[in-house]
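First the structure, in the form of structure tokens, and then the observations on it.
The values are calculated or read from the model by the stated rules, or taken from the named source; none is laboratory data. Bear in mind the structure is a predicted one, so any value in this text is a computation, not a measurement. As a convention, Cβ positions derive from the backbone with ideal geometry for all residues, glycine included, and neighbour counts pool all protein chains shown. Side chains included, ligands, DNA and RNA excluded: accessible areas come from the protein's heavy atoms. Shrake-Rupley method; radii C 1.70, N 1.55, O 1.52, S 1.80 Å.
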Amino acid sequence: MTSAVWHPFTQHGLGEPIPLVTHGEGAVLHTADGRRIVDAISSWWVTTHGHRHPRITAAIARQAERLDQVIFAGWTHEPAEQLAGALVRLTGGGMPHVFYSDSGSTAVEVALKMALGFWLNRGEPRHRILTLEHGYHGDTIGTMSVGARGVFNRAYAPLLFDVETLPFPAGDGQNTLDALETACRAGPAALIVEPLVLGAGGMLFYPAAVLARMRAICSAHGVPFIADEVMSGWGRTGTLFACEQAGIVPDIMCVSKGLTGGVVPLAATLASEAIYDAHLSDDRATMLFHSSSYTANPIACAAALANIAIWDEEPVQARIETLAARQQARLDALPATVRHRRRLGTIAACALGPADAGYLSALGPALLAFFRERDLLLRPLGETVYVMPPYCISEDDLDHVYAAIAEAADRFAGGI
Ligand SMILES: *Cc1c(COP(=O)(O)O)cnc(C)c1O
């Protein structure tokens, strides 16, 4: 079959099969050729409560009957108002202003623009952004600039702006903290980090104590602290937001992915009073100059409200704890050849094969094909295999996932 579709992160020249998905339910996807696929990565980290949660699909249908879309510059609607209030409540009230956009990347772009606007409007322009080694914040030019450089963005490198990258925390993270302390003295515009877990960088975890110290150093120097919770939010790390485990409130926080339970696109950038106030005046020149056509789409906001109702009224936290324990038990039972086993909340990861393979090594695609043949949606990051399923995944399906990982560990122990 020829297709007009150009897929993301896909080398069409390799001729790899692209399954046609017809429907989804819970942690399972069904394909046109009759296969039942276990969605072990939550359709790229978005699906939290499972595919087609009835509460979210009903909220979408209801909202579609009332108001589908409206310009959000100078106009508002009930779902956006309620959702903003709920997000402020869920994050403890320290970031009382909510700016909507439609993807994780745009939420991060907005965060960076807020930080730069903050400084310009105070009459002390600053541009330098501090980042963490191996970070990932999206695929637009700005978000690639603050993320790790590599083959993914080599073609665009001349357009990416310079940032200062802090080393990834080793051990107690003193290396990172010392570098941050020094960098803060030079007056940067902001620090952006993925709290507790660097996702696309390879599911790399670092301690909550390091996150808390990074936040404290930024506070001491008056440097805005941006938490990119696009992946870590909505329970992935065991708490609603990863920042809670460090007991911190950022100045700016980005959420997306699980915001609508992973059903429709929506993102939000939350800001502290100080960030908002810096844009507030009777001069139009100091406003936040950002919008996208579908800012705060009412249907997406209704889906997000349903997601929050699920958090408020269903035993989501208990499901997360059960899944976390089940992941740990299965991770522990993998063959001895499996390296670097780790788990944070509902995210489990390990390394297969003999040595550091890197993203473009042949091991990644070989593993991808291996899991696809076993009706599993797993998408290794090089040698790193991670399991990040919807919280409703059954024990049988989880067993199927880990049986395949164990088989892959044996099959690829000596390489491909
Ligand atoms: C996925 C991701 C993004 C980008 O989100 P998109 O919706 O894909 O644009 C940003 N930050 C982190 C930490 C992510 O994992």
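At 1.4 Å probe radius, can you tell me the per residue accessible area of the chain in Å²? Each step should come with its number before you reach the end.
Values: 18110 Å² over 416 residues.
Per-residue value: 44 Å².
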Item to complete: Take the solvent-accessible surface of the protein heavy atoms, probe 1.4 Å, and return the percent of it on the chain that carbon and sulfur atoms account for.
Response: 56
Response to the item:
Along segment 261-270, Karplus-curve 3J(HN,Hα) (6.51, -1.76, 1.60; θ = phi - 60°) to the nearest Hz, with x for Gly and Pro, reads x, x, 9, 9, x, 6, 8, 9, 10, 9
Practice prompt. Amide H neighbours of LEU378 under 5 Å, at least 5 residues apart or on other chains, H built in the peptide plane: list them.
Written response: none
Worksheet item: So, in Å, what gap is there between the alpha-carbon centers of segment 97-116 and segment 121-151?
Response: 13
Worksheet item: Relative contact order, percent, of segment 54-313 when contacts are C-alpha pairs under 8 Å separated by at least 6 residues?
Response: 30
Discussion item. Given the C-alpha atoms of the chain, compute the convex hull and give its volume per residue in Å³.
Written reply: 151
Discussion item. For LEU20, what accessible surface area do you get with a 1.4 Å probe? Give it in Å², rounded to 10.
Written reply: 110
Practice prompt. Quick one: net charge around THR22, please, counting Lys, Arg +1 and Asp, Glu -1 for every other residue with C-beta under 12 Å from its C-beta.
Written response: 0
